[in-house]
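Worksheet: one structure, shown below.
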Amino acid sequence: MSDIQFNCPECGHSLAVDSAGAGMLVQCPECQKQITIPAAPHSPPPSDSTVPSPVMGKPSKKSRLSVIGLVLGILGLWFMGLLAAIPAVICAHIARARALKSPTGQDKGIASAGLVVGYLAIAISLFMGSCGLVGGKMGNDDSGSTAPPPVVTKEAIQQKLQTVLNAQDAEFNGPQMVFNMVHPIGTASRVAVHDVSLQWKTNKPTADENDIMSWTCRLTVYWSSILVDDGYTKLLLTFDNEVKNFTNVEILATNGKTTEEVNAAAWDIGFQIGLMLAE
C-alpha cells in the first residue's frame, strides 16, 4: 500500500504515514499535537498525454494511386509528353472512381488534379506534334518535287567571268589571254570585270546558262612591259555562246601600243625600206 503524505494542520510539518492508518489519531512529532490522518487520495484519471496516440499507418494504395497520377501528369506536362501523360490519366481516373465510392471521399481532390494535369499534357503534346507535321508538310512540295533552280543573273555571270579571267595556271592564263588580244608584248597581271549584259535565246532569263546566246562585258586588263610599268587597257568584249568565240573586241582606252598600231608601224617601216632599196 502507498503512503499518505500530508501536513500537520497545527504547525504545517510534513508527515507521511501508511495508508492503513487513514482516520486514526497520531501525535505530530513537531508540535506534539493530536491530529487525524486524512484519507488516502483517489488516483487521478490518466491524462490525455498518457493515452498512447494511435499509430499512423502507411498511405493506402488508393492514396498512392492518386499521387502517382498527379506526379505522372506533371512529368508529362514538363518534358515526357504522352509517355507520362497517358498513364497519369489512367491512374487518376481509377483513383477518382475509388474516392467517389469512399464514404469520406478521401483523395478526390488529388485525383481530380491529376486528371486535369494529365489531360492538359496530352493536349499540349498532340498540339506540338501537329505543328511539327504541318511545318514539315509546308517545307516540302506536295508533289514531292524539289524547288526549281534559281534563274541565272548577270551578276552571277559577272562573278564567274571575274574568276575565270583571273585564273592563272600552267594550262590557262586569263589575264595574259585578254592582253594578247590587243597587245603584242607585255605581261598581264589581273583583270577587273566592270559590268555584263546578257542576250537570251528565249528573250527572258532561265536557270540554264546554255540559254544565253551571247554576253558582252566591259573590263580592264592591267599589265607591264619594257616601256610601260603600269599599263592598262579598257576593253569591250562580246562572246558568242553558240560558236564559243569572241565576235567583237573593242579598245576603249589604253596607255600602251596595240598590236594593230605595231603592225601598221612595221608595215610603214617595211614600205620605206623597200622604197630605199628600189632607188
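The values are calculated or read from the model by the stated rules, or taken from the named source; none is laboratory data. All values derive from a computational prediction rather than experimental measurement. FYI the Cβ positions are ideal-geometry reconstructions off the backbone, even for glycines, and counts take in every protein chain you see.
Worth pointing out:
- Members of segment 158-177 found to be in contact with a helix residue (DSSP H, G or I) (Cβ under 8 Å, 6 or more places away or on another chain) and among the hydrophobic types (A, V, I, L, M, F, W, C), listed by number: Val164, Leu165, Ala167
- Listed by first and then second residue, the pairs with beta-carbon distance under 8 Å, at least 6 apart or on different chains, first residue in segment 76-97 and closer than 15 Å to Phe127 by Cβ, second of a type in the set (Lys, Arg) and surrounded by 15 or more Cβ atoms within 10 Å (Cβ to Cβ), form an empty list.
- Tally, over segment 208-232, of residues that are part of a loop (DSSP other than H, G, I, E, B), under 17 Å from Ala253 (Cα atoms) and among the β-branched types (Val, Ile, Thr): 1
- Among the residues of segment 169-200, those identified as modelled with pLDDT of 90 or more and more than 21 Å from Ile251 (Cβ to Cβ) are Leu198, Gln199, Trp200.
- Answer from Val191, Val152 - the residue that is surrounded by 15 or more Cβ atoms within 10 Å (Cβ to Cβ), of a type outside the set (Phe, Trp, Tyr), assigned to a strand (DSSP E or B) and within 48 Å of the chain's Cα centre (by Cα): Val191
- Checking each residue in segment 233-257 for being outside any strand (DSSP E or B), basic (Lys, Arg) and either without any contact (Cβ under 8 Å) to a residue 24 or more places away in the chain or at positive phi (or both) picks out only Lys244.
Conditions (1) surrounded by 13 or more Cβ atoms within 10 Å (Cβ to Cβ); (2) of a type in the set (A, V, I, L, M); (3) over 16 Å from Phe246 (Cα atoms), marked per residue:
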| site | (1), (2), (3) |
| --- | --- |
| Thr202 | no, no, yes |
| Pro205 | yes, no, yes |
| Thr216 | yes, no, no |
| Trp223 | yes, no, yes |
| Gly231 | yes, no, yes |
